[in-house]
Ligand code: PAF
């Protein structure tokens, strides 16, 4: 496995490659990332090139967020990537990635980027889209693999690729979970033992919301009104708050634009997704379940 930390070195290493798959990461890798690497390999085959990028992108962290303490575990990450047959790690430092202040940035559509995660973390998706666009132009991959755990991120990346007609395919990979259902995340490492024991409750509460919508939509089910759905969402928020969490949202939205479903959409079979974000102490966890 080759490691490149400059744009020029990376481009030279990839010159003439016909099938390049990119897995963008901020490092501190876990089994969820490694599943993306495996999916990338499955797509490009043995002759293709699987590239993982490791770059903690300052632009997508807000003031007071965890940029400084975000775990940098480069040697361990490389060992894991090597085990999973990654061909090349692109690990630029900040001067390489942003040799001058990044004054040209990608501003995603606020209709999607300013709700949910965007409402809680203003500017996060501009920073994310900017670095992903930059990684795409540097690596020029034929496909890039993203996890469904960061659902809104995945949607924004797909839209950016469509709107800028970028010549690559975005491949989505299912969320990888711990045995107790907790979605894998680099930030799970921030959980202390008590928080770790409590953490799967968010998925449990989210699943309760999903089950209620599914049974209302099932043949013979009692249809659910928008007001009743809002009450169920509030109950889910209250249930977590009563356990000591600070929820940002637990909500059911349309898959296509993450807006609230109309009554007809709720009654029909419009694809929906339940999304949750909440703090347990300081660590903040995200999850989602498609309906
Ligand atoms: O999901 C992440 O780890 C980051 O948002 C990404 C896509 C690597 C961009 O910094």
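What follows is calculated from the coordinates using simple rules that are stated; it is not laboratory data. Bear in mind the structure is a predicted one, so any value in this text is a computation, not a measurement. Here Cβ is always computed from backbone atoms with ideal geometry, including for glycine, and neighbour counts include all displayed protein chains.
Values computed for the structure shown
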{"quantity": "Of all residues making up region 104-122, the number that are out of contact with any helix residue (DSSP H, G or I) (no Cβ under 7 Å at 6 or more places or on another chain) and either under 17 Å from residue 169 (Cβ atoms) or within 13 Å of the ligand (Cβ to nearest atom) (or both)", "calculated": "1"}
{"quantity": "Enumerated strands (runs of 3 or more DSSP E) restricted to region 1-88, each holding at least 3 residues that are within 16 Å of the ligand (Cβ to nearest atom) and under 23 Å from residue 102 (Cβ atoms)", "calculated": "20-25, 49-54"}
{"quantity": "Qualifying residue in region 51-70 (condition: surrounded by fewer than 18 Cβ atoms within 10 Å (Cβ to Cβ) and in contact with a helix residue (DSSP H, G or I) (Cβ under 6 Å, 6 or more places away or on another chain))", "calculated": "yes"}
{"quantity": "Breaking point among (1) over 20 Å from the mean Cα position of the chain (by Cα); (2) in contact (Cβ under 8 Å) with a residue 12 or more places away in the chain, for residue 103", "calculated": "(2)"}
